[in-house]
Amino acid sequence: MKVDQLLAEARAADIAPPPNARARVLERLSTARPARTSPWLALAGVTAAALGGFVTWNMLRAPSAPAPTEVAATDDGVTVEPGAQVTPTARGLAIAAGRVRLSSRATLQLEVLGRTVECSAATLVVEAAPARATLEVTSGSITVIEEGERVVRGPGRYVLTPLGPKADPWAAAQALERQGDYAGADRAYEALARGDGLLAESALVAQATLRLSHRHDAPGALAALDAAASRFPSGALEPERSLARLESLWALGRAADARDEAQGYLERFGRSAQASQVRFLRARAQEQLGALPAAEADYGALLDDPATGDDASFAFAALAARQHHQAQAQARLRSYLARFPRGQHAREAATLLKTPR
Amino acid sequence: MTAAPAMQVFENTSDLELLARCREGEAGAWEKLYSEHFTFAWRMARRLGAPPADLEDVVQDAFSVAHRKLDDFHEGRFSTWLYRIVAHVVAGRRRRQKVRDFFSGILGSAEATHPVAVDDQVSARRALVRVEQLLNQLSPKKREVFALKELEGLTHEAIGELLGIPTATVRTRLFHARADFERLARAEGLEP
C-alpha cells in the first residue's frame, strides 16, 4: 500500500463524537463534576483558604485620619474633642469622626455611620471613624434607629459598622470575584490597593491570589506581591503573601525559587495551618531539582498528614520507583492503599500492584 | 472512498454575540456556544493524539477551562482560542501520562500506554489507527500540522491561524513532518 492511499483511507474514518457524548459532557460540566485530579497536587487555593475567614471588612478598613479642626466647642452637656469632625443638625449633631462626650438631659439626636442615635438623659462617649464607631454609654439609655428599626440600649459599649454593601468596597470586590467577574474584581482590588493600611495590603494579596487562581497570570500575581512587600515590608499578611508568592513561583516553573520561598515560610511560619501543604510543595520542588533524599524526607514526614497525606504517600511510592527501588515502591504502594483505600490515587496504585511483571 | 468533510473551523458568525451573552451570565448562551463547538473540540483533541477513551474528559476539561477564562478572550476567533485550550489540555495529559508510564515502567507494568482499539471490520478505521500509530512517533509540533493538513484537510493559512504561526512556518514544518512520516511509513513496509 502507498502512503497516500493509507492517508486517504484514514481521512475517511469517522471520528465524529458518539451520539450521546455531547449531552454527557454537558451534564458533567453543568453539574460541576470536578475534572479528574492530577496525581501531582498543586497548591492552588491554599492562599485563598488562608485568607478566607480572616479578612473581613470591619477588621480591615484603616481609620481615616480626621481632618484638622479647631473645634473644641462645648455646649450644654456636649464636649467635642479636638480633631473631631462634627456638623450641627436640626435636632443634634452629625459625627463623622473623632471623639464627642455627651451628658445632657435634653433629647439629642446624633447621626453616626448612617444611623440615628437618640439620647435622652444619657451619658455617653462617641468615638467615630469612617469604618467603625463606638458608643460607650455610662448611664441612661440610647435608641439606635437603623433602617427604620429602633433598638434601645442601656449602659454598655456598642460598636457600629458601615451599612450595606455600597459602604463596603472590600465586600463588593469579593462579590465580583465570587460572581466570576475576574477582570472587575481585579480592578476593584487595584482601587482598594491605592488606599492605606491593612486594607490596601489585603487588596494586593487578594489581587495576587485572583490573578493566580482565576486569571492564570502568575507574573501579574508576583507584581502585586512585590508591590505589597515594598509598601508593607512588615505587613500583617506576611504569611499569606509568602504562600501566594510560593504558588506563583511554582506556577512559573521556578522550582529553586519556590523551594527557597517554601523554606523561608516553614522557618517563619512552621506552625501555621498551611505548613504541611507548603512542605509538600517543597518536596515537589526538591524532587524536581534532583534533591531526592530531601524530597523523600519531606514526603515521609507527611504520610499521615490529613491535608497532604494522600498525595504525599503516593509521591513517596513514586519516588522509590524513580530511584529503581522496585520492592520498596511496591511496599509503599501497599502502604498507600492501606492508608487511603478510597484515596485519589487508589485506583492507580491498585492497578500498578496488580499488573503482572 | 469518500473523504470525510473537512471541519468548517472558521465559520463562527455569532460567536462574539454569544460570548457577550455568556459574560452576562446567560446559561443558554454558553450551552449554545458549547454545542456549536463541541464537535470541533472533539475532532481536534483526537487529531492531536488524545486517546479515544479519554476524549470526553479532554473535551470536558477544555470547555471547563474556556468557561473559566472567558474574560481572557478579547479578540480573534473563538474556535482558534478554543483550539489552543484543547491543545494545552491534550499536552498536559500527555505529560502526565509520561509520568505514569515512567512509574509503570519501573514497576514493570504492561499497561503503560493506552492501547489504540483496532476495529478490524472497518478498513478506514484500521487505516486511521495505522496512521495514528505513525503520528505518535512524530514530535508534537510536526504531528499537529501533519494531522491538521492530511487528516483534517485544513489549508496552510487555516493551520497558521489556529496555531498562531506564519503560513511559511506551517509549510516548513509540514515539509519536515511529511518527510518523517514517509520515512516511518517505509519502515513499516509502505510505498512512498
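All of the numbers you see were taken from the coordinates with simple rules; none came from a lab. Small disclaimer: the values here were computed from a predicted structure and weren't measured. Quick reminder, even Gly has a Cβ in these numbers, built from the backbone with ideal geometry, and neighbours come from all protein chains shown.
Taking all pairs of different Cα atoms in region B:116-192, averaging 1/r and flipping that mean, what Kirkwood radius in angstroms comes out?
Taking every pair of different Cα atoms in region B:116-192, averaging 1/r and inverting gives 13.1 Å.
Would you work out if region A:281-349 is rounded, prolate or oblate? Take a ≥ b ≥ c from the square roots of the eigenvalues of the alpha-carbon gyration tensor; rounded if a/c is under 1.5, else prolate when a/b is larger than b/c, oblate otherwise.
Note, shape of region A:281-349 comes out oblate.
To the nearest 20 debye, what charge dipole does region A:74-161 have about its Cα centre, counting +1 at the Cβ of each Lys and Arg and -1 at the Cβ of each Asp and Glu?
Taking the Cα centre of region A:74-161 as origin, the dipole is about 140 debye.
Given that compact globular proteins tend to follow 2.2 N^0.38 Å, what is the ratio of the alpha-carbon Rg of region A:218-357 to that value?
With N residues counted in region A:218-357, Rg over 2.2 N^0.38 Å equals 1.19.
Which one of A:80, A:92, A:137 has its Cα pushed farthest toward the positive end of the charge dipole of region A:74-161, where Lys and Arg give +1 and Asp and Glu give -1 at the Cβ?
Farthest along the dipole direction, towards plus: A:137.
Name the residues whose placed amide hydrogens come within less than 5 Å of the amide hydrogen of residue A:78, ignoring near sequence neighbours (fewer than 5 apart) on the same chain.
Those qualifying (amide H under 5 Å, at least 5 residues apart or on another chain) are A:103.
Compute the separation of the alpha-carbon centres of region A:216-282 and region A:116-135 and state it in Å as a whole number.
Here the answer is 42 Å between Cα centres.
Taking the Cβ of residue B:17 as the centre, find all other residues whose Cβ is under 14 Å away and add up their charges (Lys, Arg: +1; Asp, Glu: -1).
Combined, the nearby Lys, Arg, Asp and Glu give 0.
Peptide A:17-26: average number of partner chain Cβ atoms within 10 Å per residue?
Working: counts 10, 4, 0, 0, 6, 7, 2, 3, 14, 7.
Going residue by residue through A:17-26 and averaging, the value is 5.
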